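Some notes on the structure that comes next.
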Amino acid sequence: MAQTLYDKLWADHLVDERADGSALIYIDRHLIHEVTSPQAFEGLRLAGRQPWRIGANIATPDHNVSTDPVERQGGYAAVKDETSRIQLQTLDDNCSQFGIAEFLLNDRRQGIVHVVGPETGAVLPGMTVVCGDSHTSTHGALGVIAQGIGTSEVEHVLATQCLVTKKQKNMLIRVDGELLPGVTAKDIVLAVIAKIGTAGGTGHAIEFAGAAIEALSIEGRMSVCNMAIEAGARVGMVAVDDKTIDYVRGRAFSPRGSAWDAAITHWNTLHSDEGAIFDALVELDASLIEPQVSWGTSPEMVSAVGENVPSPDDFDSKVKQEGVARALDYMGLSSGTPIKDIRLDRVFIGSCTNSRIEDIRAAAAVVKGYQKAGSVKQAMIVPGSGQVKHQAEQEGLDKIFVAAGFEWREPGCSMCLAMNADKLGPGEHCASTSNRNFESRQGFGGRTHLVSPAMAAAAGITGHFVDVRDWEMKA
Amino acid sequence: MRAFKQQAGLVAPLDRPNVDTDIIIPKQYLKSIKRTGFGINLFDQLRYVDEGWPGKPLEERELNSEFVLNQERYEGASVLLARVNFGCGSSREHAPWALDDYGFRVVIAPSFADIFYNNCFKNGLLPVVLPEGIVDRLFDEVAANPGYKIEVDLEAEQVILPNDESFAFEIDAFRKECLIKGLDDIGLTLESEPIIRAYEANRRQQSPWLFDVISPEKIS
Ligand code: SF4
């Protein structure tokens, strides 16, 4: 029978099935960070358990690290906040106690787990990947079942190398046609969420396909899969093609020699079969997607940059109308205001959605030769990993940003969730390349607008949103 | 894990859709390396007017008197009545920990986000899905009747109203059993150790590259 990509990967990892439909799934790779793991390690210790397969795990601190170059040089000792320092230190202690590989704070391979996994080859096509972080869906771009789990499950995976879960339904999101210049992977996924809503994918594994997805780079596909969870789906994925294999080739932990040949033979089967049946189908025409800007407090509250802030009356259900009214109140926006008139206080370019080298390049291309608007208090560029940072510096991109008055930071999650010192003040509007515009996500009372890197960069120059398709790039 | 069989308790209504886990417990509290103590910061941004941080003394906090949990009539509530897509967003298990630490044992909503739903079961917290129409009605009844209590019987899969009217809900058999018996998930899975070992040996043979040891020394 024709199978979907998800069906194939599921069958490949199925260890045991129970009568009620729950199943034991084998986990190939487990990514660990400081925030959702301490209680899991503590649980192992209390029960006197050891990790099942130590080599399946890899850790790095990211959520809570300082991105300030000076504070960073001082290592953990320089972390001013004591609870943060203890949490970071606890990750190192747990990894050394249990013998788990960790990319330490100032190792070049440190970074946001979802950037580090693929770029080191620790995540490979055909795997199952879990992490105590909902944006684990990112790794699905490599033809992987990757999903976020809670801390109890982190402990469970450490102890058993398995996850107890249930097979999801299959959803196909087809994005056909061709993107207009200046429109990016981020705009695709925001448009998808605007269309199906934040619960549209609940209970489903989403496969993204169609000409526009095939045309994306692997990094672009990661931006799309990253936000599957914002559409309610724990799993987002894209089939393996030549781009996937080219991406994986030669990475630090990628197979070599005959193992590589065997691996690609297997990887080339990782796509949905002709005629495979999906439980749900969503179709979008890429050529109709414009640069997107979120105006509310949920990732489905998104419009094209040329539109106006909507009114609660534009929505059908009472619950939705109230939600939109509350969001507009929180955001300090009135219905009918052109999106382009929204003034920004800060700009954040980073996060596991958009902090890879292509994102940094796209932002640099816009910024080059311009100056940050005086009304913008801060514009930060936070590369996703030490490797991304290094690569960008090799290309001289850091200098472009600094010359324009943007800050060039050390890798970490930073203002995506504002656990560290990088945050918005109350009422401040931020053009952000991250993935969540929830109330106070980026700082108490802060107002987030989700956009692509190029859109965020342009907003940092002009102080308000502009359609980046009209941007004049300086050579 | 604490077992859950049935719960009779006061119902507190949280009337907004898409309550995300950042709202349930904001990130600044995620720096803790413990599982307990999150209850006083449950719904921190809704419950207090000022910005909170870990260790901020309660007497320095300004309560938002309009927020439902600050109203006397809902004091001691153990059942949270919520709207669609409750628990969306971040996978943080601190969300069920905070609800539990506050004293909630049951959350009723028309739908839950997947990861949150799953996390509840690991912590003896019962998420109950009821049709939207019934949830609407419960919101009305709670508003109209101070001290409104309901009973949730997991064994019978029933929500029972004060007038003895009852509604059935569904739950996976395996999850139900774990919750009723308070079973340790890991211990249960380890009973399948031989099956896991056999699977693993086979996988190692078929895809040996997946078993290359990750070591941080390996230079890219
Ligand atoms: S960058 Fe943001 S969304 Fe991604 S892992 Fe870090 S905190 Fe989570």
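The values are calculated or read from the model by the stated rules, or taken from the named source; none is laboratory data. Just so we're clear, the structure is a prediction, and the values are computed from it rather than from any experiment. Methodologically, a virtual Cβ is constructed for each residue, glycine included, from the backbone with ideal geometry; neighbour enumeration extends over all protein chains shown. Just the protein is used for accessible areas: all its heavy atoms, side chains included, with ligands, DNA and RNA removed. Shrake-Rupley method; radii C 1.70, N 1.55, O 1.52, S 1.80 Å.
Things worth noting here:
- Cα long-axis angle, helix B:132-144 against chain B (0 to 90 degrees, to the nearest 10): 40
- Probe 1.4 Å, all protein chains present, accessible-area order of A:Lys80, A:Lys320, B:Lys34, B:Lys176, largest first: A:Lys80, B:Lys34, A:Lys320, B:Lys176
- Candidates B:Glu200, B:Glu59, B:Glu155: whichever shows maximal mean-square fluctuation once chain B is modelled as a Gaussian network with Cα springs under 10 Å: B:Glu200
- Student exercise, chain A dipole from Lys, Arg, Asp, Glu Cβ charges, in Debye to nearest 20: 800
- Oblate is the label for region B:74-144, because the ratio a/c of its alpha-carbon gyration tensor axes (a ≥ b ≥ c) is 1.5 or higher and a/b is not greater than b/c.
- Mean sequence separation of contacting Cα pairs (under 8 Å, at least six apart), scaled by the length of chain B, corresponds to a relative contact order of 25 percent.
- Interface of A with B. Using a 1.4 Å probe and counting protein heavy atoms only, the two chains hide about 6300 Å² of accessible surface, both sides summed.
- Region B:6-183 pair-distance distribution - Cα-Cα, 10 Å bins, rounded %: 10, 39, 37, 13, 1
- Stretchable slack from B:Ala198 to B:Ala143, in nm (0.36 nm times residue separation minus alpha-carbon distance): 14.2 nm
- The amide H of A:Glu307, built 1.01 Å from its N in the peptide plane, has A:Ile339 as neighbours under 5 Å, considering only residues 5 or more places off or on other chains.
- Other residues with beta-carbon under 13 Å from the beta-carbon of B:Tyr48 carry, at +1 per Lys or Arg and -1 per Asp or Glu, a net charge of -4.
- With the helix formula -39500 (n - 2.57) applied to DSSP H stretches of n ≥ 4, the protein assembly as shown reaches a computed 222 nm mean residue ellipticity of -9000 deg cm²/dmol.
- Think of region A:112-236 as a dipole: +1 on every Lys or Arg Cβ, -1 on every Asp or Glu Cβ, centred on the Cα centre; then among A:Pro125, A:Leu180, A:Ala199, A:Ala199 lies furthest on the positive end.
- Note, ³J(HN,Hα) from phi for region B:113-120, Karplus 6.51, -1.76, 1.60, rounded to Hz, x at Gly and Pro: 6, 4, 5, 4, 3, 5, 4, 4
- Converting phi to 3J(HN,Hα) with the Karplus coefficients 6.51, -1.76 and 1.60 and the offset θ = phi - 60°, region B:97-107 yields 4, 5, 4, 5, 5, 6, x, 6, 10, 9, 10 Hz in sequence order, with x at every glycine or proline.
- Normalising the average separation of contacting C-alpha pairs (under 8 angstrom, six or more residues apart) by the number of residues puts the relative contact order of chain A at 17 percent.
- Within the accessible surface of the protein assembly as shown, defined with a 1.4 Å probe on protein heavy atoms only, the carbon and sulfur portion equals 50 percent.
- Where Rh is the Kirkwood radius over Cα pairs, Rg/Rh for the protein assembly as shown: 0.94
- Model label sites at B:Thr36 and B:Ser65, defined 7 Å from Cα along the beta-carbon direction, differ in position by 3.4 nm.
- Magnitude of the charge dipole, region B:1-142, Cβ model with Lys/Arg +1 and Asp/Glu -1, debye to 20: 680
- Largest accessible area first, the residues A:His204, B:His94 order themselves as A:His204, B:His94 under a 1.4 Å probe with ligands, DNA and RNA left out.
- Rounded to 0.05, the FRET efficiency of the A:Ser96 and A:Glu178 pair, given R0 = 35 Å and the Cβ-Cβ distance, is 0.10.
- Two-site FRET efficiency, B:Met1 against A:Gln89, from Cβ-Cβ distance with R₀ of 35 Å, rounded to 0.05: 0.75
- Förster radius 60 Å - calculated FRET efficiency between A:Ser287 and A:Ala262, Cβ distance, rounded to 0.05: 0.90
- Taken along the Cα-to-beta-carbon direction at a fixed 7 Å, the label points for A:Ala78 and A:Asp329 span 4.4 nm.
- Listed residues A:Leu281, A:Val293, A:Ile264: farthest to the positive end of the dipole of region A:215-341 (Cβ charges): A:Ile264
- Positive minus negative residues near A:Gly200 (Lys, Arg vs Asp, Glu; Cβ under 15 Å): -1
- Paramagnetic reach from A:Ala211 in region A:280-296 [backbone N under 15 Å; point 7 Å along Cα→Cβ]: A:284-289
- Whole-number accessible area per residue in Å² for the protein assembly as shown, which is evaluated in the context of all protein chains at 1.4 Å: 35
- Selected from A:His449, A:Gly350, A:Ala362, residue furthest toward positive end of dipole (region A:335-475; charges at beta carbon): A:His449
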